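Engineer: Submitted below is the structure of interest, expressed as structure tokens.
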Amino acid sequence: MSAILDGLRRPIIAAPMGGGPSTPALAAAVSDAGGFGFLAGAYLSPQRLADDIAQARRLTDRPFGVNVFAPVRPPADAAAITAYAERLAPLARQWDVALGEPVGGDDAYAEKVDLLLADPVPVVSFAFGVPTAAVVDALHDRGSEVWVTVSHPAATAETEEVGADAVVVQGMEAGAHRGGADDADEYALLPLLRLVAAATRLPMVAAGGIADGPGLAAVLAAGASAAALGTAFLRCPEAGTSAVHRAAVAGSGDTRLTRAFTGRRARGVVNEFMRAHDGAAPAAYPHVHQVTAPLRAAGREAGDPSVLNLWAGQAHALSRELPAAEVVDQLTAEAAATIAALSHRLPAV
């Protein structure tokens with residue numbers, strides 16, 4: 001049901017990571033290693049996304065995909081957003097920056113879909129919202145597969161209805177934003193995989209807390225066709241991860257889901273900003289994201305992790321500072337060894 005997943009030599013996908021870590025070089029390296037690379041369309045202008053697609057094509061002749069944030073419009077409490085900005089104002093003055101305007105928006109969704117119709121890629125994946133059946137049909141007509149992110153078993157029904165080719169099953173262990181339509185879902189990956197498998201015949205891509213070979217083996221045993229790894233690639237030289245973010249991922253700090261940085265729940269390494277403001281942040285994406293953007297940029301430029309969104313999955317301490325192809329090779333070998341060892345431990349049926 002997914003020619004891309006059926007054709008993988010290595011069941012490893014470079015999960016799209018918006019905001020810089022996902023680069024054409026990373027996507028190309030993973031695809032060339034027998035996995036499947038992704039570009040992150042989030043936060044990019046349509047022109048910048050077009051440039052990234054062109055660069056990825058120059059770097060590899062293997063298939064790769066593009067991820068897009070589909071619009072979701074939860075109610076945004078204007079008073080709560082204003083109150084949160086006022087709460088952050090003293091910190092902004094301390095950093096000598098002006099907070100951003102709390103505007104909404106859909107991240108140029110329609111323009112990015114038009115780009116992907118005009119310049120098709122093998123896979124277009126969607127997070128947050130679910131594309132309409134018309135969008136899915138149009139992408140199919142251009143030869144693209146469509147994958148949709150789910151974080152709750154019930155979400156698979158709508159995914160099937162619009163004609164998706166695969167579901168990206170994201171557990172709560174995953175780093176960065178919750179990818180399903182409801183960011184409050186808290187299903188761990190393994191039970192979520194089994195529940196989704198019981199609800200749909202669509203192939204599954206597992207995402208969340210997978211950072212070594214045994215973890216990869218576990219999700220394959222649970223029914224996934226492949227695993228999407230994000231945090232595991234953050235320390236690769238091909239990734240666009242900032243130095244301060246790399247250091248946090250390499251450490252052993254705890255992670256937590258928070259709305260403090262963007263107004264949508266996302267998992268990152270716990271820091272001072274998260275501790276101070278998590279409980280006050282309203283559910284208002286992308287409004288809060290826009291408010292905090294200048295503050296986060298200042299922290300990144302200064303190399304100060306205290307005000308940064310240090311997105312990372314729960315298993316970030318298992319990440320490796322290696323070229324992406326070596327990560328793919330090592331995890332695949334470890335998974336094969338794990339499965340072989342299990343075959344000796346389980347009695348024959």
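Engineer: Residue check: is residue 144 touching a strand residue (DSSP E or B) at 6+ places or on another chain (Cβ under 7 Å), over 28 Å from residue 269 (Cα atoms) and of a type in the set (Ser, Thr, Tyr)? Steps first, answer last, please.
Structural biologist: Values: touching a strand residue (DSSP E or B) at 6+ places or on another chain (Cβ under 7 Å): yes; over 28 Å from residue 269 (Cα atoms): yes; of a type in the set (Ser, Thr, Tyr): yes.
Yes.
Engineer: Across the range 168-216, what is the total count of residues that are open to solvent by 40 Å² or more (accessible area, probe 1.4 Å) and in a helix (DSSP H, G or I)?
Structural biologist: Looking only at that region, the number is 7.
Engineer: Still on this model: Can you list the helices (runs of 4 or more DSSP H) found entirely within the range 1-100 that contain at least 2 residues being in contact with a Gly (Cβ under 7 Å, 6 or more places away or on another chain), open to solvent by less than 10 Å² (accessible area, probe 1.4 Å) and modelled with pLDDT of 95 or more? Break it down into steps so the answer makes sense when it comes.
Structural biologist: Values: elements: 3-6, 24-32, 46-59, 78-95.
Where helices (runs of 4 or more DSSP H) fall fully within the range 1-100 and carry at least 2 residues being in contact with a Gly (Cβ under 7 Å, 6 or more places away or on another chain), open to solvent by less than 10 Å² (accessible area, probe 1.4 Å) and modelled with pLDDT of 95 or more, they are 24-32.
Engineer: If only one of 314, 290 is more than 19 Å from residue 248 (Cα to Cα) and open to solvent by 50 Å² or more (accessible area, probe 1.4 Å), which one is it?
Structural biologist: Working: 314 fails: more than 19 Å from residue 248 (Cα to Cα).
Among 314, 290, only 290 is more than 19 Å from residue 248 (Cα to Cα) and open to solvent by 50 Å² or more (accessible area, probe 1.4 Å).
Engineer: Based on what the data block shows, is residue 111 part of a loop (DSSP other than H, G, I, E, B), acidic (Asp, Glu) and in contact (Cβ under 8 Å) with a residue 12 or more places away in the chain? Explain how you work it out, then say what you get.
Structural biologist: Working: part of a loop (DSSP other than H, G, I, E, B): no; acidic (Asp, Glu): yes; in contact (Cβ under 8 Å) with a residue 12 or more places away in the chain: yes.
No, not satisfied.
Engineer: Next question. Quickly run through the range 218-241 and pick out the residues that are in a loop (DSSP other than H, G, I, E, B) and either free of Cβ contacts under 8 Å to residues at least 12 places away in the same chain or open to solvent by less than 30 Å² (accessible area, probe 1.4 Å) (or both). Reasoning before the result, please.
Structural biologist: Step one: of the range 218-241, the residues in a loop (DSSP other than H, G, I, E, B) are 222-225, 230, 234-241.
Hits for the range 218-241 are 222, 224, 230, 234, 236, 239, 241.
Engineer: Out of the range 153-166, which residues are of a type in the set (A, V, I, L, M) and either more than 21 Å from residue 141 (Cβ to Cβ) or touching a residue at least 40 places away in the same chain (Cβ under 8 Å) (or both)? Working first, answer last.
Structural biologist: Our first condition is that a residue be of a type in the set (A, V, I, L, M); within the range 153-166, this holds for 154-155, 157, 162, 164, 166.
Answer for the range 153-166, where residues must be of a type in the set (A, V, I, L, M) and either more than 21 Å from residue 141 (Cβ to Cβ) or touching a residue at least 40 places away in the same chain (Cβ under 8 Å) (or both): 154, 155, 157, 166.
Engineer: Please verify whether residue 302 is surrounded by fewer than 21 Cβ atoms within 10 Å (Cβ to Cβ), among the small types (Gly, Ala, Ser) and under 23 Å from residue 226 (Cα atoms), treating the condition exactly as stated. Show your work before the answer.
Structural biologist: Numbers: surrounded by fewer than 21 Cβ atoms within 10 Å (Cβ to Cβ): yes; among the small types (Gly, Ala, Ser): yes; under 23 Å from residue 226 (Cα atoms): no.
So residue 302 fails the test.
The values are calculated or read from the model by the stated rules, or taken from the named source; none is laboratory data. Since the model is a prediction, treat every value here as computed from it, not as a measurement. Backbone-built Cβ (ideal geometry, glycine too); neighbour counts: all protein chains shown. What goes into the accessible areas is simple: the full protein's heavy atoms, side chains included, and nothing from ligands, DNA or RNA. Shrake-Rupley method; radii C 1.70, N 1.55, O 1.52, S 1.80 Å.
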